[in-house]
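Input: a single structure, listed below in structure tokens.
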Amino acid sequence: MALAAAAGTLERRRRPRPRLSFEPHQPWLRSVRTAEGREALWVRFAVDNDGPTPARGCTGRLLSVVAAGERRADIDPLQLRWAGMPRSLSFQPLDIRPGQREYLNVCFRLPETSAWRIDTFDSDDFDPGFSTDLAEDTQYELTIALFADNAEAITLPLLIAPDGRLTALPVGGA
């Protein structure tokens, strides 16, 4: 019995420990030039693996949106893009090795507007059933989740203030 308990403890210690983080500056906020030559501000979450083994099959998703204090029931969970990858591969599950950091694109804003856009599929055959644009004069809380084949799912809420300030919230919200 003690041997089985020890094996379980060892297995838990050997698991990957993915972690999501956000800070309101570079490299979490990235200003880039689009293919059309426009500047865009990207909001990204860092995904780190603090464990001793790879986190396999990691996928990031937007789980929920709260607008002006009310949960938007019309928004289904959406898959988010991995940064730094060709667009054709940016939705593929990713293995994150111990000590490795990757970035998950959450949303972006073009300079000609103050509205944010959730960074998800933009294919002609994808219809989310709701707008992925977020009005500029509303406070939003976006809950982002990271799922892996061999680790517990983790979440981190992001507060977007009407003035554009961005803040990671403790799990459970403001």
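Just so it is clear, none of the values below were taken in a lab; they were calculated from the coordinates. Computed from a predicted structure; not experimentally measured. Every residue, glycine among them, receives a Cβ derived from its backbone with ideal geometry; neighbour counts consider all protein chains shown.
At a glance:
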{"quantity": "Projected label distance in nm at Asp95 and Glu39, using a 7 Å step from Cα toward the beta-carbon", "calculated": "4.0 nm"}
{"quantity": "Rounded to whole Hz, the Karplus (6.51, -1.76, 1.60) HN-Hα couplings of segment 156-170, x for glycine and proline", "calculated": "8, x, 10, 9, 10, 7, x, 8, x, 5, 10, 9, 6, 9, x"}
{"quantity": "Integer Hz, Karplus 6.51/-1.76/1.60 couplings in order for segment 134-146, x for Gly and Pro", "calculated": "10, 4, 6, 9, 10, 7, 10, 10, 9, 9, 9, 10, 10"}
{"quantity": "Simple Cβ-charge dipole of segment 38-97, Lys/Arg +1 and Asp/Glu -1, about Cα centre, in debye nearest 20", "calculated": "160 debye"}
{"quantity": "Amide H contacts under 5 Å for Leu80, placed H, 5+ residues apart", "calculated": "Gly60, Arg61, Leu62"}
